[in-house]
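Everything below concerns the one structure shown next.
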Amino acid sequence: MNSILRYWGYLAALGLVLAWTTHNRNWVLILVLSVVVVIYSFFRAPAWCGAPIRKKDAYCRNNAYGLLMGCHLRQHRWEKLKMTVAPKRWRELVGRCLTSTQQKLAVLAGIAGSISTMLALIKVLAKA
Ligand SMILES: [Zn+2]
């Protein structure tokens, strides 16, 4: 049960798809769900750590939560954070993010959620 609970963000993603496809779109609901999905994929989705380790071209395969977070090792969380803020290392970071199906799913949810957030935000602001 616990392992299913870790994937709650994908339920939010499913809700988001439904919210987009219904006739009377509720943009506030879409906005809220989008933000939840983005936060989930970046900070909560089960993924690999992916921080560089000393061996050349190798990276950490410990379990981590969220694409931007490292595993339980503080050093790795720090490494991931450094990769996030250095544009030169984004390619590396994205490459690491696409190493497993589970992570590809999280990346997809993160991207779709980001686009959805922007669109919903525009709609909500336009109506306000
Ligand atoms: Zn690690």
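Scalar couplings 3J(HN,Hα) for the stretch 86-98, obtained by applying the Karplus form with A = 6.51, B = -1.76, C = 1.60 to θ = phi - 60°, are 10, x, 4, 9, 4, 4, 4, 5, 5, x, 5, 6, 9 Hz; x denotes Gly and Pro.
Rounded to whole numbers, the Karplus 3J(HN,Hα) couplings from phi for the stretch 80-85 are 5, 4, 5, 5, 5, 8 Hz, using 6.51 cos²θ - 1.76 cosθ + 1.60 with θ = phi - 60°, and x at Gly and Pro. Report summary: the helix-based calculation at 222 nm, which adds -39500 (n - 2.57) for every DSSP H run with n ≥ 4 and divides by the residues of the chain, gives -19500 deg cm²/dmol.
Taking the Cβ of Y65 as the centre, find all other residues whose Cβ is under 14 Å away and add up their charges (Lys, Arg: +1; Asp, Glu: -1). Its environment carries a net charge of +4. Between Q75, T22, F42, the Cα set farthest toward the positive side of the dipole of the stretch 2-127 (charges on each charged residue's Cβ, about the Cα centre) is that of Q75. Of W27, W48, W78, the residue with the greatest mean-square motion in the GNM of the chain, using alpha carbon springs below 10 Å, is W78.
Cut-off 10 angstrom, C-alpha nodes, Gaussian network model of the chain. Which of G110, G15, G95 fluctuates the most? Residue with maximal mean-square fluctuation among G110, G15, G95: G95.
Here is the link list: K55/K104; K80/K104; K56/K104. Which ones come out longer than 19 Å on Cα distance? The answer is K55/K104; K56/K104.
Computed over the chain, relative contact order equals 27 percent, with contacts defined as Cα pairs under 8 Å that lie 6+ residues apart. Calculated FRET efficiency, R91 to I39, Cβ-Cβ distance, R0 = 22 Å: about 0.40 to the nearest 0.05.
Bear in mind these aren't lab numbers, they're just calculated from the coordinates by the rules spelled out. A quick note: this is a predicted structure, and the numbers were derived from the prediction, not measured. Backbone-built Cβ (ideal geometry, glycine too); neighbour counts: all protein chains shown.
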